[in-house]
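I have a structure I would like to understand better, so I am pasting it below and will then ask my questions one at a time.
The values are calculated or read from the model by the stated rules, or taken from the named source; none is laboratory data. Nothing here was measured: the structure is a model prediction, and the numbers come from that model. No Cβ is skipped: glycine too gets one built from the backbone with ideal geometry, and neighbour counts run over all protein chains shown.
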Amino acid sequence: MLLKLYQAGQLVLRKTAKPLTKQQLATKRTQEIIDYMIATLRDAPGVGLAAPQVGESLRIIIIEDKSSCHKKVDPKLLREQGRKTIPLLVLINPVLKVQGNQTNAYFEGCLSVEGYAGVVARAQTVTLTAWDRHGNAVSYEAHGWFARILQHEIDHLQGTLYTDKMLPASFMTVKNQAVLYGKALESKLRKTFAK
Ligand code: ZN
């Protein structure tokens, strides 16, 4: 089943999402929400989805970055971003820690801010602990694009959208991003949109 993608303006996107207990996670309802989130992400298509985006104020995020999502991205940009495929991850009650103070700045979009994109500076490296969908503890160290997706999705659980953090002058339609900045590397983005 595909779920409705809530758009900016709907208050569920601005609430702090609730953690799940292991009991809640094991329920049929929660497991169904996870399955429907996966179907919805793949249908969109997107690389990450947080439960508030489908109207559920719960600390669940899913991530998947398939090579088919990379086809429209300039290869030089992909390399600079450190973007590689990520297998499907379901993360429950994720806790993220920024490592070091290195950042990178690139365009990102959001399935809840449909049709737009903006440049956001994000930490280059993060570590994360969470449960998988069965309640087993998992941990990751993520760099580059993987770290960016994690930061974006976990922001959703705090009621934060990328538009709160972007370089304001970089906000534009996806169409203009593709036409005007489709091949722009980080140095150009920083120079163009710095305050
Ligand atoms: Zn988003």
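For region 108-116, state whether one or more residues are over 24 Å from Trp131 (Cβ atoms), in contact with a Phe, Trp or Tyr (Cβ under 8 Å, 6 or more places away or on another chain) and in a strand (DSSP E or B).
yes
Something else about it: Which condition from (1) assigned to a strand (DSSP E or B); (2) out of contact with any His (no Cβ under 9 Å at 6 or more places or on another chain); (3) not aliphatic (A, V, I, L, M) is the one that Lys191 breaks?
Going through (1) assigned to a strand (DSSP E or B); (2) out of contact with any His (no Cβ under 9 Å at 6 or more places or on another chain); (3) not aliphatic (A, V, I, L, M) one by one, Lys191 breaks only (1).
Quick one: which of Ala105, Ala121, Ala142 is small (Gly, Ala, Ser), crowded, with 20+ Cβ neighbours inside 10 Å and closer than 24 Å to Leu13 by Cβ?
So the residue among Ala105, Ala121, Ala142 that is small (Gly, Ala, Ser), crowded, with 20+ Cβ neighbours inside 10 Å and closer than 24 Å to Leu13 by Cβ is Ala142.
Can I ask one more? Which residues, counting only those in region 79-102, are exposed (fewer than 14 other Cβ atoms within 10 Å of the Cβ) and within 24 Å of Ala194 (Cβ to Cβ)?
Arg79, Gly100, Asn101, Gln102
Could I ask something else about it? If a residue has to be surrounded by fewer than 19 Cβ atoms within 10 Å (Cβ to Cβ), within 14 Å of the ligand (Cβ to nearest atom) and part of a helix (DSSP H, G or I) to count, how many in region 149-184 make the cut?
3
Return the only residue of Ile33, Ile38 being of a type outside the set (Asp, Glu), touching a residue at least 40 places away in the same chain (Cβ under 8 Å) and surrounded by 14 or more Cβ atoms within 10 Å (Cβ to Cβ).
Ile38
Looking at region 141-156, which of its residues are more than 11 Å from the chain's Cα centre (by Cα) and in contact (Cβ under 8 Å) with a residue 40 or more places away in the chain?
Passing the criteria: Glu141, His143, Gly144.
Would you point out the residue of region 47-75, among those that are modelled with pLDDT under 95 and within 16 Å of the chain's Cα centre (by Cα), that is nearest to the ligand (Cβ to nearest atom)?
Among them, the one singled out is Cys69.
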